[in-house]
Amino acid sequence: DAGVTQSPTHLIKTRGQQVTLRCSPISGHKSVSWYQQVLGQGPQFIFQYYEKEERGRGNFPDRFSARQFPNYSSELNVNALLLGDSALYLCASSFSGSAYEQYFGPGTRLTVT
Amino acid sequence: AQKITQTQPGMFVQEKEAVTLDCTYDTSDPSYGLFWYKQPSSGEMIFLIYQGSYDQQNATEGRYSLNFQKARKSANLVISASQLGDSAMYFCAMREGGGNTPLVFGKGTRLSVIA
């Protein structure tokens, strides 16, 4: 079975631009969570979606938004990119949203210049 | 306040030896879960082991065991018989409460296994 997939793998953007990151959960999983991992730090929670509804939001500015589609895939959007948005963005899926069974994807590495 | 503290930025261990990675946590919630993840250079977070706050016994998964000391609020990961493939970043994480709360991660420990 395919694991969590994320696209693109790498991305380079310029300050002020907008970016969309995509995540496909494991088949049958209905919850998707997004995390930001800045170099040298642990991942930080951004959003959780379950059954297409936002179930949680971390301490991130409104420039960050996300949505979940009927097939449970998800997109993370970041507007007005800042240099500090450079990070590895991780997506995790689980059947019910329970963190115990979260499976992470390989991440999208975003570089903002 | 830091909820998860990993005080060892880097650790070295000889192949086939055991190594302990430290993790302390802070919570006032009586119900919580503690997790360890491995992150190779590829970036993917790989789940290793889980310990619930009400679990009576320390969790074990193959070569991984979790030394859970509730009173000290510590949840150290022990890797036995280290292998070269164990070289990676290791993150301790916690989830508070019994619902769909997010994982809170520590800053990680980089483990290097030496042949």
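The values are calculated or read from the model by the stated rules, or taken from the named source; none is laboratory data. None of these values were measured; they are calculated from a predicted model. Using ideal geometry, Cβ is built from the backbone for each residue, glycine included, and neighbour counts are taken over all protein chains shown. All accessible areas refer to the heavy atoms of the entire protein, side chains included, with ligands and DNA or RNA removed. Shrake-Rupley method; radii C 1.70, N 1.55, O 1.52, S 1.80 Å.
Here are the numbers for the structure shown:
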item: Options A:G40, A:G56; residue that is out of contact with any helix residue (DSSP H, G or I) (no Cβ under 9 Å at 6 or more places or on another chain), closer than 22 Å to B:F105 by Cα and part of a loop (DSSP other than H, G, I, E, B); result: A:G40
item: From A:D85, A:D62, residue being acidic (D, E) and surrounded by fewer than 15 Cβ atoms within 10 Å (Cβ to Cβ); result: A:D62
item: Odd one out for A:P106 among (1) in contact with a strand residue (DSSP E or B) (Cβ under 9 Å, 6 or more places away or on another chain); (2) more than 9 Å from every other protein chain (Cβ to nearest Cβ); (3) open to solvent by 10 Å² or more (accessible area, probe 1.4 Å); (4) outside any strand (DSSP E or B); result: (2)
item: Residue that is most open to solvent (accessible area, probe 1.4 Å), among those in region A:88-97 that are part of a loop (DSSP other than H, G, I, E, B) and of a type outside the set (A, V, I, L, M, F, W, C); result: A:S96
item: Selected residue (criterion: nearest to B:I4 (Cα to Cα)) from residues of region B:26-65 that are away from chain A (no Cβ under 14 Å) and of a type outside the set (S, T, N, Q); result: B:D26
item: In region A:66-82, residue least open to solvent (accessible area, probe 1.4 Å) [restricted to those that are touching an Asp or Glu at 6+ places or on another chain (Cβ under 9 Å) and part of a strand (DSSP E or B)]; result: A:V78
item: Region A:35-54, residues that are within 9 Å of another protein chain (Cβ to nearest Cβ), open to solvent by 60 Å² or more (accessible area, probe 1.4 Å) and within 14 Å of the chain's Cα centre (by Cα); result: A:Q44
